[in-house]
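Since the structure comes first, as structure tokens, the remarks are kept for the end.
Coordinate-derived values only; no laboratory data. Predicted, not measured: the structure shown is a model, and the values here were computed from it. All Cβ positions, glycine included, derive from the backbone under ideal geometry; neighbour counts span all protein chains shown.
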Amino acid sequence: MKKKIVISGLVIILTITLLACTEFPVNIWLSITAKEFIIPEESSIFTLKVTKMNNGSGEWWLYSEDKNYYYTMEETVSDKPYSKISKEDAKNIISFDKFDYMTWQL
């Protein structure tokens, strides 16, 4: 009986931590409700933080970031629907603005 209470308590604590300390709740909601919302393959539903959404009727982000990259859907340079720059590379760009993909050139 005690073991079940301890396990239940741990599950509750882990669930609260997951919901409170990650981007999971927002990303799961947008993944379910927004047809154009994507999670870049380099990121995850737990770590992608949307920093600027499309102001129009579309349901996609314009800029987002995670621990390693900044992402944009305003300009693409590959077959993916987004472009990215590593946060390490961004540190080397004096005029870098995470909300202006045109400043992302090294």
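Which of the listed residues, ILE85, ILE13, SER95, is farthest toward the dipole's positive end in the chain, when Lys, Arg count +1 and Asp, Glu count -1 at the beta-carbon?
Checked the options; the winner is ILE13.
Angle, helix 2-21 long axis vs. longest principal axis of the chain, Cα atoms, 0 to 90°, nearest 10?
Here the helix axis deviates by roughly 20 degrees.
Give a residue-ordered list of calculated ³J(HN,Hα) values for the range 80-88 (Karplus: 6.51 cos²θ - 1.76 cosθ + 1.60, θ = phi - 60°; whole Hz; x for Gly, Pro).
With coefficients 6.51, -1.76 and 1.60, one gets 7, x, 8, 10, 9, 9, 6, 5, 5 Hz.
Net charge near GLY9, counting Lys/Arg +1 and Asp/Glu -1 over other residues with Cβ under 13 Å of its Cβ?
+3
Quick check: the angle from helix 24-33's long axis to the longest principal axis of the chain, C-alpha only, nearest 10 degrees?
Around 70 degrees separate the two axes.
Select from THR47, MET73, PHE24 the residue farthest towards the positive end of the dipole of the range 10-76; place +1 on Cβ of Lys and Arg, -1 on Cβ of Asp and Glu, and compute about the Cα centre.
Going by the Cα projections, it comes out as PHE24.
Treating only the Cβ atoms of Lys and Arg (+1) and Asp and Glu (-1) as charged, compute the dipole magnitude of the range 21-69 about its Cα centre; round to the nearest 20 debye.
For this selection, approximately 140 debye.
So if I place +1 on the C-beta of Lys and Arg and -1 on the C-beta of Asp and Glu, and nothing else carries charge, what would the dipole magnitude of the chain be about its Cα centre? I want it in debye, nearest 20.
Dipole magnitude for the chain comes out near 820 debye.
Could you tell me, in Å, what Rg and Dmax come out for the Cα atoms of the chain?
That works out to 17.5, 61 Å for Rg and Dmax.
So which of LYS35/LYS67; LYS49/LYS91; LYS52/LYS98 end up more than 21 Å apart by C-alpha?
Going by Cα-Cα distance, LYS35/LYS67 fall outside the 21 Å limit.
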